[in-house]
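In what follows, a structure is listed as structure tokens, so that the remarks can point back to it.
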Amino acid sequence: MFNLDLSELPDRTRPRLHRLARAILSITRELFAYDPASEEIPIEVHINNGFLPRKELPGGEKPFEETLGYALPTDKYSAHILVPQEAVETDGEYLFAIILAHELAHFLFNIDHNNGLVETFCEAYSFVVLERLAGYAKANPDFGFEPNRFRYVWSSRVNASLTKFPAEIRSTVRSELWHQLSLYLRYKRIELEASPHRNNYDYRFYNLGAAVLTSQTVPWSELAGISARGYWQESNDGLDSRQEWRLDLARATPNVRKALRRLGRCSDKDFVIATFAAPPWSFGGFRFYEDGRYIWLVEFPKHKRQKIERRMTALRPLSVRWEEAQEASR
């Protein structure tokens, strides 16, 4: 799988970081069902202080490479993972753990291609790894780490993203109403799939998607290499004009497709998005307030469309948008 080289990290923290890295690799081999005899790819872990050219962003905001982590392939047989300085300082190892797990996931899914869904998978994987580390630390005090600190890093990452969502979304997450959040993620499909390299974009949808995805078991071994199975498509999302990498979900396994329904993808049901000036009387689905209007999302079998149309017309919405079932390829 991977042979991590941490030799460039500070002497004072390297032994503890090594211990964490070995545990993360062990978890990864188990979840991805890797053969212990498989070829190991060497990956050097560096502190990101000038390794990549600095990107100047509007308003002086730091690019994500300098605040989180970055996976950087160099050729088929070697690669680099960059981590921020704070992750290798004393007491920074819990941040190091979530960053390392996230960046290793990029190599597992295929480092050559990336988009918002892939970032969501990587965030979800780092959450699962931290939960496993917390369980291991609790069962093995000699491991030397505090279980609750792993969970704190995970929860604080999600909670920081939730502050940017409408109140109903935050409440729905706290209530663990995952099906309603799946409807919301289907509605926000463009934002969820957007490239993480956009200067005007943040990670809130990736973190929300990760929380929803990990609400049930994820078939990690069947996700291996999924980033490579895709195609380039001209962006038409209104954010900018560029080519975006899209995953070819028609090639996903049934278990992966089932998991992706939690992200509002691969649905076999039609979908309606209706907006209202006042709270509508709603039957099922998900209703929330955003940008000065009430939005109502409903999924339904195709044969019920006429019934839904009649009910929707009676409520006099400001606007209605209908979407067909996503079928195999979306």
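The values are calculated or read from the model by the stated rules, or taken from the named source; none is laboratory data. This one's a predicted model, so the numbers in the text were calculated from it and none came from an experiment. Cβ coordinates were reconstructed from backbone atoms using ideal geometry, including for glycine residues, and neighbour counts include every protein chain displayed. Just so you know, the surface numbers come from the protein's heavy atoms only, side chains and all, with ligands and any DNA or RNA stripped out. Shrake-Rupley method; radii C 1.70, N 1.55, O 1.52, S 1.80 Å.
Identify the single condition in (1) open to solvent by less than 50 Å² (accessible area, probe 1.4 Å); (2) among the hydrophobic types (A, V, I, L, M, F, W, C); (3) within 18 Å of the chain's Cα centre (by Cα) that residue 133 does not satisfy, given that it satisfies every other one.
Only one criterion is unmet by residue 133, namely (3).
Can you confirm whether segment 27-47 contains a residue that is at pLDDT 95 or above, over 21 Å from residue 210 (Cβ atoms) and charged (D, E, K, R)?
no
Would you check which residues across segment 232-251 are surrounded by fewer than 11 Cβ atoms within 10 Å (Cβ to Cβ) and either modelled with pLDDT of 85 or more or of a type in the set (Asp, Glu) (or both) and list them?
Once the filter is applied, which keeps residues that are surrounded by fewer than 11 Cβ atoms within 10 Å (Cβ to Cβ) and either modelled with pLDDT of 85 or more or of a type in the set (Asp, Glu) (or both), segment 232-251 yields only 234.
Among the residues of segment 145-163, which ones are open to solvent by less than 60 Å² (accessible area, probe 1.4 Å), over 26 Å from residue 19 (Cβ atoms) and out of contact with any helix residue (DSSP H, G or I) (no Cβ under 6 Å at 6 or more places or on another chain)?
Result: 160, single match.
Go through (1) open to solvent by 40 Å² or more (accessible area, probe 1.4 Å); (2) under 26 Å from residue 15 (Cβ atoms); (3) free of Cβ contacts under 8 Å to residues at least 60 places away in the same chain; (4) assigned to a helix (DSSP H, G or I) and name the single condition residue 91 misses.
(4)
Every residue in segment 75-88 that is assigned to a helix (DSSP H, G or I) and in contact with a Gly (Cβ under 8 Å, 6 or more places away or on another chain), please.
86, 87
Can you tell me which residues in segment 112-137 are touching a strand residue (DSSP E or B) at 6+ places or on another chain (Cβ under 8 Å) and of a type outside the set (D, E, K, R)?
Listed by number, the residues that qualify are 113, 114, 115, 117, 118.
If we keep just the residues of segment 8-25 that are open to solvent by 70 Å² or more (accessible area, probe 1.4 Å) and free of Cβ contacts under 8 Å to residues at least 24 places away in the same chain, which is farthest from residue 92 (Cα to Cα)?
Taking the candidates together, the pick is 22.
For segment 104-130, how many residues are open to solvent by 10 Å² or more (accessible area, probe 1.4 Å) and under 15 Å from residue 70 (Cα atoms)?
To start, the set of residues in segment 104-130 that are open to solvent by 10 Å² or more (accessible area, probe 1.4 Å) comprises 106-107, 110-114, 128.
Then keep just the ones that are under 15 Å from residue 70 (Cα atoms); that gives 106-107, 110-114.
Within segment 104-130, residues that are open to solvent by 10 Å² or more (accessible area, probe 1.4 Å) and under 15 Å from residue 70 (Cα atoms) number 7.
Taking the criterion of being small (Gly, Ala, Ser) and either open to solvent by 20 Å² or more (accessible area, probe 1.4 Å) or over 27 Å from the mean Cα position of the chain (by Cα) (or both), would at least one residue in segment 255-272 satisfy it?
No, segment 255-272 has no match at all.
Please work out which residue is most open to solvent (accessible area, probe 1.4 Å), limiting yourself to segment 164-189 and to residues that are among the small types (Gly, Ala, Ser) and without any contact (Cβ under 8 Å) to a residue 40 or more places away in the chain.
My answer is 175.
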